[in-house]
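Chemist: Got a structure for you, written out below as C-alpha cells; questions coming shortly.
None of the figures in this text is laboratory data; all of them are computed from the coordinates on show. Remember, predicted model here, so these are calculated numbers, not experimental data. Cβ placement follows ideal geometry from the backbone for every residue including glycine, while neighbour counts extend to all protein chains displayed.
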Amino acid sequence: MLDTLRMWIGAPGAITALITLVGFLLFKPMKKCYIRLRDRYRRRRSNLLKLACGLTFDGVEALVGKPITKRAPSNGSQRVTFIYRTREVYVAATAPSKDDSIDAFAITVRRRGFRLPVTKLLTKQMKLALPRTRFAALQDHPDSIRYIVGASRFGYSEEYYFGRPGLYQHYIVAYNDAGIGKVKAPLQLDSFASGFLRLEEDEHLPEEPTGSWLRTFRSAVKPNTLAVVGGAAPSLSIIMNHQSVGVDQSDVSSIPE
C-alpha cells in the first residue's frame with residue numbers, strides 16, 4: 001500500500017497520508033479513553049466534596065474506598081482514625097469509636113496536577129482550591145496560625161471559624177508534608193519549637209516568632225490540605241498531631257501503593 005501511494009503522490013505525500021489514516025483510525029478509541037478518564041476524575045472529585053461530619057465510616061468508604069490503615073490514640077480512649085488513599089488524595093476521618101459518626105476529616109492532595117476546589121466544603125465562606133490557592137489569598141486574620149517543626153519535617157496550618165454560616169464547624173487550611181509540594185521551614189523558625197504564630201508585629205510574647213516575613217511566607221506557600229472539625233467535636237487535636245494536620249507522613253510513606 002505504501003509503495004502504491006509513493007508511486008502516485010511521492011514519498012512525502014505517502015507518509016503524510018499514512019499518518020492521517022492512522023490518526024483517523026485511532027481517533028475514536030482515544031476519544032473514548034479520554035472521556036472515560038475524564039469522567040472517572042470528575043466522579044472522584046465529586047465524591048470528595050460529599051465528605052461531611054456525620055457520615056459513618058461505611059459512608060466514607062463508599063466515597064473513597066477501603067482504608068489503608070487505622071490510627072488509635074495512645075491514651076486508652078476508644079477514638080479511632082481511619083486513613084484512606086486514592087490516586088489523588090489522602091483522607092483521614094475520625095470518630096469517638098468505630099461505630100459512631102465521624103466528627104472530623106481531612107483531605108490532603110498528593111498528586112501533581114490534581115486540583116480540588118473545596119469552597120463547597122467551606123460552606124462558601126471562603127474560596128479555596130487545593131493546592132492552587134495561596135495562603136495570602138485567604139482571609140487576612142485567621143483565628144489561629146500553627147507551625148510544626150521537626151527533624152526534616154515541617155507543617156503549617158491556619159484555623160478559621162465562621163460561626164452559624166459555617167455550621168459552627170472549624171476549618172483548618174494547611175500545608176502537610178505528606179502531600180504535594182515541598183516547603184522548607186523558614187529560617188526564622190530555626191530557634192523555635194513547634195507552636196503558634198501571629199501576623200501582628202506587636203502585643204506578642206517574647207518567645208513567639210512573628211514579623212513581616214510571615215506575610216511573605218503566606219504569599220509564597222500553597223496549602224494542600226483542608227480539615228473540617230464538627231461543632232460537637234471535643235477539640236481540634238482529634239484531626240491534628242504533633243507533626244501534621246490529617247495524615248502523618250511517617251504513617252503513609254511506609255504503606256505500599
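Chemist: What FRET efficiency would be calculated for the residue pair SER97, SER144, taking the C-beta separation as r and a Förster radius of 25 Å, to the nearest 0.05? Please report the intermediate quantities before stating the final value.
Modeler: Numbers: r = 28 Å, r/R0 = 1.13.
Calculated transfer efficiency: 0.35.
Chemist: For LYS184 and ALA129, FRET efficiency with R0 = 22 Å and r from the beta-carbon atoms, rounded to 0.05?
Modeler: So, using R0 = 22 Å, E works out to roughly 0.40.
Chemist: What are the ³J(HN,Hα) couplings of segment 137-145, residue after residue, when phi is run through the Karplus curve with 6.51, -1.76, 1.60 and θ = phi - 60°? Round to Hz, x for glycine and proline.
Modeler: 7, 7, 5, 5, 10, x, 5, 7, 10
Chemist: Let me ask something else. Go through 232-238, 165-171 and give me the packing order, highest mean Cβ count within 10 Å leading. Before the final figure, lay out the partial values.
Modeler: Numbers: 232-238: 15.0, 165-171: 17.6.
So the order, starting with the most tightly packed, is 165-171, 232-238.
Chemist: Once phi is turned into θ = phi - 60°, what whole-Hz ³J(HN,Hα) does the Karplus curve with 6.51, -1.76 and 1.60 give for every residue of segment 91-96, x standing for Gly and Pro?
Modeler: 10, 10, 10, 10, 8, x
Chemist: Grab the other residues whose beta carbon is less than 11 angstrom from that of THR69, score K and R as +1, D and E as -1, and report the net.
Modeler: Details: positive: LYS66, LYS70, ARG71, ARG85; negative: ASP248, ASP251.
It works out to a net charge of +2.
Chemist: Here's a follow-up. Residue by residue through segment 45-52, what is 3J(HN,Hα) from phi via Karplus (6.51 cos²θ - 1.76 cosθ + 1.60, θ = phi - 60°)? Round to whole Hz and write x for glycine and proline.
Modeler: Result, rounded to whole Hz: 5, 4, 5, 5, 7, 8, 5, 6.
Chemist: Collect residues whose amide H, placed 1.01 Å from N in the peptide plane, falls under 5 Å from the amide H of ARG110; neighbours closer than 5 in sequence don't count.
Modeler: VAL89, TYR90, ILE180
Chemist: Here's a follow-up. Exposure proxy check: MET126, MET240 ranked by fewest other beta carbons within 10 Å? Display every interim value, and only then the final one.
Modeler: Details: MET126 17, MET240 23.
Neighbour counts put them in this order, fewest first: MET126, MET240.
Chemist: Order by neighbour count: LYS120, LYS182, fewest other Cβ atoms within 10 Å first, most last.
Modeler: Details: LYS120 10, LYS182 7.
The most exposed by this proxy come first: LYS182, LYS120.
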